[in-house]
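Each remark here refers to the structure printed beneath this line.
The values are calculated or read from the model by the stated rules, or taken from the named source; none is laboratory data. The structure presented is a predicted model; accordingly, all values stated were derived computationally and were not measured. Neighbour counts are summed over all protein chains in view; Cβ atoms, including those assigned to glycine, are modelled from backbone coordinates with ideal geometry.
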Amino acid sequence: MRQIVTTAVAAALMLSACALPVGSAEPTSTTEVTTTTVVETPHPSASRTLMPFDACDDLLEWTIEHALERVGPYGLDGYSAYPVFTEFAEFAGELDSADGRVSAAPSTVADAIKSGVIGTNLQEAGVDEPDLVKTDGRRIVAMSGSTLYVLSIDGGRLTLEGSIDLGFWTQDLFLDGDRVIAIADGGYDIIPFREDVIGTDGISAPTYTPVLTVAEIDISDLDDPELARTLRIDGRYVSSRMVDGAIRLVVSSGPTGFAWAYPEGGGLRSERDAEEKNREIIENSTVENWLPYFIITDHEGRDEIVDEGTLLACDRTHRPDDFSGFTTLSIVTLDPDALDVADSTGVFADGDIVYSSDDATYVATTRWQDPVLFERGERPDGVKTQIHKFALSPSGADYRASGVVPGYMLSQWSMSEYDGYLRVASTDSPHWWDGPESESMVTVLETDGDELVEVGSVDGLGRGERIYSVRFFADRGYVVTFRQVDPLFVIDLSDPEHPSIEGELKIPGYSAYLHPIASGHLLGVGQDADLDGRTLGLQASLFDVSDANDPERTDRFTMEGAQSELEWDHHAFLHDPSSGLTVFPYQRWDETKGGPPPTGALVLTVTEDGIRKAGVISHDQKGSGWWMPIRRTLLIDGNLVTISDGGVMVSDSESLETLDWAEF
């Protein structure tokens, strides 16, 4: 079997939980720091609040008015369909056949530990996140390529029961009782070939618009999993969450159904003629062109469309006071009993990063820049990130408030809700630019009516650097920045109006993921580096933060020339607080120096007393010396379960002896 090395891109963005009923001190750090108390937000007019449309006529009038200001000889800039090559069109057609999804087991970490099962590593207890592996302690569902595998586990014994090819690749599964839900950007609607659209080498190319695919798989018969239903939605999949069987999707959708005219033969006159035709197309548009569409297909017996229509009702769609584009961001609640749309609400805004507590979901995106304003010579005052808050209930989600913070956010870990406040960590430069003037900050927001209002902030974190990891716990925040050395900042958030830096620790390298270990201790996993900032390999650091004013690194473990998927995907981490057992994958690029296999799972014991290496687990394909990268680890009844694209292995958690192996 060939080796597959998978590079994961930190996703992003996941949703969850429940909503309101539908319709209804001086810093001790040497770093220069500014602490402010804010009465009015210093970042005004970033389309903070959103207003619902009264009726579809109002929505259509609003979109047509703004579209006529922005349409040109090539359609709406940034909203046309994308050209694709013939080979991709054929592949995309294959994606229409099926979809899949899976969910988690115990709803909280505490419940998981009590039941002897530790599965997906979650940001918030009780808010389940999708992942490529899920378990309830008796069954394991896992994705490898486009195939969903169903296994049973009894003690140290595995049985590969059945599998189903979903027709698309995904890493987002939920497991809910006897159903698995798989979610992916699982297909494209192909617009027929256009004679006036020419691809490379003169090959006529079709165009496509993205489609989100959700599949429900019935696993009540383990050895014969069956595709029950699929849901397809116009748009790009952003993220999802599940609480008590209620799954919520975050979908970003652009306008659809426009067959734009293009200039014929070039020249000013042909451009003018094309623009006039496109203006007529805009004037004749309908609500269905501006709001996403959905189709639900029942696959039991014969494929049959059981429901379809516009995803958003006009009076459940909101717009900003200041125009911010034609993209709609939808929060879709799925029926917990069957794959149906139970509720959806949306805003004319985009979304990139999703964070959820158990009663609110926040969706953030870097503020949209209007090309019309650029043409007028108007420039925004710095980059800002918009945040939209949705209140959650078991039946749906309702838009609640919007706000803005300066700069860019790293990931879902950049946001945390506590005691009625939202804490946000951001950097005023993007992740690909660590300019000498860059700095990071933590902003505290409070919901005031329909606005998220800034009540306090602390800046000056890591000047000339950017944020590499963030973790909030109760009234503390931990922020790691990096360029040449790794400052770990301890932020006091006990007074939301006066946040401050309590302590700072500078060490070589950086931590890309932070996790609590016992009382007053943190584990950081990232990269070791020299004093010039050149990375040297995988590093796990144990920090004693019991004295917030004087954080210390008390122990560390390094693996030269290695890295871990954990550095960009927190789902790759497992920690048992009762024993200190800690597991995450690694890959070594320099195999010339001997040592452990080039890829596997690193097993550590991490307690407040230190870090001890217990060993490594590897998936050596039939003793061939060809190793498959391990992606995830579960703890079930005291045994370690590791999953790769090659199969599933059960190992004794103490001796690491292999107990069983099931090959995909």
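Go through region 544-580 and give me each residue that's among the hydrophobic types (A, V, I, L, M, F, W, C) and either closer than 25 Å to R476 by Cα or surrounded by fewer than 15 Cβ atoms within 10 Å (Cβ to Cβ) (or both).
Across region 544-580, the qualifying residues are V545, A548, L566, W568, A572, F573, L574.
Restricting attention to region 564-617, the residues that are farther than 25 Å from Q123 by Cα, in contact with a Pro (Cβ under 9 Å, 6 or more places away or on another chain) and hydrophobic (A, V, I, L, M, F, W, C) total 2. Can you find a residue that is in a loop (DSSP other than H, G, I, E, B), in contact with a Gly (Cβ under 6 Å, 6 or more places away or on another chain) and under 30 Å from S494 (Cα atoms) anywhere in region 551-566? Yes, that holds for at least one residue. Scanning region 56-76 for residues that are within 33 Å of the chain's Cα centre (by Cα) and in a loop (DSSP other than H, G, I, E, B), which turns out nearest to G266 (Cα to Cα)? Filtering region 56-76 for residues that are within 33 Å of the chain's Cα centre (by Cα) and in a loop (DSSP other than H, G, I, E, B), the one nearest to G266 (Cα to Cα) comes out as Y74. If the condition is being farther than 18 Å from I64 by Cα and hydroxyl-bearing (S, T, Y), then region 262-309 contributes Y262, S270, Y293, T297. Of everything listed in (1) surrounded by fewer than 21 Cβ atoms within 10 Å (Cβ to Cβ); (2) modelled with pLDDT of 95 or more; (3) hydrophobic (A, V, I, L, M, F, W, C); (4) in contact with a Lys or Arg (Cβ under 9 Å, 6 or more places away or on another chain), the single unmet condition for W626 is (2).
Residues of region 482-518 being modelled with pLDDT of 90 or more, closer than 16 Å to S426 by Cα and of a type outside the set (F, W, Y), which ones? Correct list: L488, V490, I491, L493, P499, S500, I501, A512.
The residue that is nearest to S578 (Cα to Cα), counting only those in region 494-543 that are polar (S, T, N, Q) and surrounded by 19 or more Cβ atoms within 10 Å (Cβ to Cβ), is S541. Screening S220 against (1) surrounded by fewer than 24 Cβ atoms within 10 Å (Cβ to Cβ); (2) hydroxyl-bearing (S, T, Y); (3) in contact with a Ser or Thr (Cβ under 8 Å, 6 or more places away or on another chain); (4) under 22 Å from D337 (Cβ atoms) leaves a single unmet condition, (3). Against the numbered list (1) within 22 Å of V525 (Cα to Cα); (2) small (G, A, S); (3) at pLDDT 95 or above; (4) out of contact with any Ser or Thr (no Cβ under 9 Å at 6 or more places or on another chain), S655 comes up short only at (1).
The selection criterion, being touching a strand residue (DSSP E or B) at 6+ places or on another chain (Cβ under 6 Å), closer than 22 Å to L538 by Cβ, surrounded by 19 or more Cβ atoms within 10 Å (Cβ to Cβ) and of a type outside the set (S, T, Y), does not hold for L656. Taking region 177-246 and the strands (runs of 3 or more DSSP E) fully enclosed by it, the elements with 3 or more residues that are touching a Phe, Trp or Tyr at 6+ places or on another chain (Cβ under 8 Å), modelled with pLDDT under 95 and under 19 Å from Y293 (Cβ atoms) are at 188-191, 207-218.
Restricted to region 581-595, and to residues that are on the phi < 0 side of the Ramachandran plot and out of contact with any Leu (no Cβ under 8 Å at 6 or more places or on another chain), which residue is surrounded by the most Cβ atoms within 10 Å (Cβ to Cβ)? My answer is Q587.
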